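Accompanying notes for the structure given below.
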Amino acid sequence: MSCLRQMTPARLWFFWTAVVLHVASSEAQDEGKCMDKFSLGKEDFVLDVDESVKEGATFLSSPQVSRPEDCVLACCNDPNCNLALIEHGENPKSISSCFIFNCLYKQKKVCRFVRKNGFNNYVLISVFKDYLEQKNSDVEDKHPVAVTGQDRVVQPKEDVVLNGIESKDDKKIVKYEWEKVSGDPSAVMTEGPFEDSVTVSNLSPGMYKFRLTVTDAADQTGSAEVSILVLTPEQSLHHCLVPKKEGPCRGSFPRWHYNAVTEKCEQFKFGGCKPNRNNYLALNECLNACDKVSASAKPPSGRLGPIHDHREQCDAACGPDHFSCSSKCCIEKELECDGEPQCSDGSDEAECSKLDSKFRRLLDIPVDKTAIVIAIILGLAIAVLLVVILCCLLKGKKKHRNKHQHVAVNGGHVHSYEDSEKLVYNSTTKPI
């Protein structure tokens with residue numbers, strides 16, 4: 001400070017100008033790096049929040065920003081965010097609202113969109129790479145897309161069946177190949193009951209990654225990875241022994257949680273935001289992760305979870321799995337908005353009520369799903385009608401040929417049945 005007092009006004013002005021320009025330049029670089037990670041999705045489409053959250057998507061927050069770039073930057077700053085949804089303002093370059101979402105449920109893409117004017121979305125390229133490549137490709141024979149399904153969470157020594165049944169190609173997939181990418185070498189892979197599946201056994205606690213490569217008839221390939229998390233006792237705490245958490249949003253989405261007292265998986269209503277890890281879409285997921293886990297000191301099953309610690313930690317920097325209190329102390333991220341303040345300053349519960357009002361705003365956006373259903377029904381009806389007309393034309397041609405075949409004499413050409421079929425196709429139909 002003494003150096004600053006000794007500066008002349010001109011030098012002081014130059015110093016602060018340099019500082020401001022440096023900060024602005026750094027922010028611009030951060031914004032540019034962030035925007036490079038995202039791609040503009042289809043314009044005038046809004047997230048179907050109800051259907052997406054039912055499938056496992058999570059509403060993260062609604063930052064107060066005024067530019068699309070700032071909304072995307074907010075998404076960049078949240079490690080769980082991969083979708084920035086923007087509602088346009090009156091000015092073309094301004095926005096009315098910004099909503100950020102996690103569209104992955106255990107690495108499975110679960111967001112659904114419906115047409116709605118006035119909205120844009122930006123998607124994280126690394127997550128939606130396959131979708132963006134398919135959207136921008138005009139190649140006649142596209143590469144196959146490998147789909148491994150969602151990541152798995154299980155207890156030690158349980159067998160897991162992996163499959164690629166949802167993999168797709170515009171022609172035909174002729175080969176499925178599985179390989180272990182990482183994890184304990186003692187794990188055993190054997191052929192599964194179907195050509196696209198394998199069974200993984202002898203799993204010890206830890207993280208395993210497996211890669212599926214699919215090959216189509218043109219020898220083109222596509223690959224995808226899936227993880228298996230085999231829980232340690234400490235991890236079982238977060239996935240099985242914490243109480244159910246409905247969250248601050250007041251939606252109503254059926255989920256499952258493990259009740260460590262009854263040692264059973266039970267259904268509950270999830271609000272739609274700020275879940276903990278004891279939150280499963282399906283009963284079998286809950287059972288795979290937590291069956292027979294107990295909070296008792298010596299459970300009959302031998303699966304033990306330690307006692308949970310809710311205290312603030314003020315002696316280290318907060319990591320990505322922590323919530324940073326206003327005091328700069330840390331608590332576990334999943335304790336935010338659980339209805340009980342764990343930060344001594346109460347900052348972990350301060351903004352929770354605002355989340356519900358923003359989430360309600362999204363749920364109340366009117367979207368016309370009826371038009372989509374009608375369009376699908378009409379499309380199917382037209383397709384069926386075309387098939388019926390084509391069959392009638394073919395049948396009529398065949399009868400006409402059989403009735404008048406004797407007319408063709410003296411070198412006149414008689415059409416074969418195959419010729420008449422080709423003529424009807426070429427003149428009256430087009431491939432759909």
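Under the Karplus relation 6.51 cos²θ - 1.76 cosθ + 1.60, θ = phi - 60°, what is the ordered set of whole-Hz ³J(HN,Hα) values for segment 313-326, x standing for Gly and Pro?
Per residue, the Karplus-derived 3J(HN,Hα) values read 10, 10, 9, 8, 5, 6, x, x, 8, 10, 9, 8, 5, 4 Hz.
When the scattering of segment 243-363 is computed by the Debye formula from its Cα atoms alone, each counted once and equally, what is log10 I(q)/I(0) at q = 0.10, 0.12, 0.13 Å⁻¹?
Normalising to I(0) and taking log10 leaves -0.37, -0.53, -0.62.
Can you list the aspartates and glutamates whose alpha carbon is less than 13 Å from that of Lys93, not counting same-chain residues fewer than 8 positions off?
Glu69, Asp70
Measuring from the lowest to the highest alpha carbon on each principal axis, how far does segment 141-230 reach, largest first, in angstroms?
That works out to 42, 20, 19 Å along the principal axes.
Quick check on my link table: of Lys269/Lys333; Lys175/Lys333; Lys269/Lys292; Lys37/Lys292, which ones sit more than 32 Å apart, alpha carbon to alpha carbon? Don't skip to the answer; put the middle values down first.
Working: Lys269/Lys333 21 Å; Lys175/Lys333 42 Å; Lys269/Lys292 23 Å; Lys37/Lys292 42 Å.
In this structure, Lys175/Lys333; Lys37/Lys292 lie more than 32 Å apart at Cα.
Would you please name the GluC sites (Glu not before Pro) within segment 140-233 that are DSSP coil residues with at most 14 other C-beta atoms within 10 Å of their C-beta?
Glu140, Glu166, Glu195
What order do you get for Phe268, Phe128, Phe101 when you list them from fewest to most C-beta neighbours inside 10 Å?
In increasing order of surrounding Cβ atoms, one gets Phe268, Phe128, Phe101.
What shape does segment 46-119 have by the C-alpha gyration tensor, where a ≥ b ≥ c are the square roots of the eigenvalues, rounded means a/c under 1.5, and otherwise prolate means a/b greater than b/c and oblate the rest?
Here segment 46-119 falls in the oblate category.
Within 10 Å of each candidate Cβ there may be at most 11 other Cβ atoms; applying that plus a DSSP loop requirement, which GluC sites (Glu not before Pro) in segment 55-125 survive?
Answer by residue number: Glu90.
Under unit Cβ charges (Lys, Arg +1; Asp, Glu -1), what dipole magnitude, rounded to 20 debye, does segment 24-135 have relative to its Cα centre?
I would put it at about 400 debye.
Calculate, for Ser94 and Asp321, the FRET efficiency according to 1/(1 + (r/R0)^6) with r their C-beta to C-beta distance and R0 35 Å; round to the nearest 0.05.
FRET efficiency, Ser94 to Asp321: 0.50.
Find, among the trypsin sites (Lys or Arg not before Pro) in segment 170-274, those assigned to loop by DSSP (not H, G, I, E, B) with at most 10 other beta-carbon atoms within 10 angstrom.
Hits after loop and neighbour filter: Lys172.
Can you quote the Å³ per residue value for the convex hull of the Cα atoms in segment 193-288, rounded to an integer?
155
Every read-out reported here was derived from the displayed coordinates using simple, explicitly stated rules and does not represent laboratory data. Because the structure is predicted, anything quoted here is derived from the model rather than measured. Because the Cβ atoms are built from the backbone with ideal geometry, glycine has one as well, and the counts that use them run over all protein chains shown.
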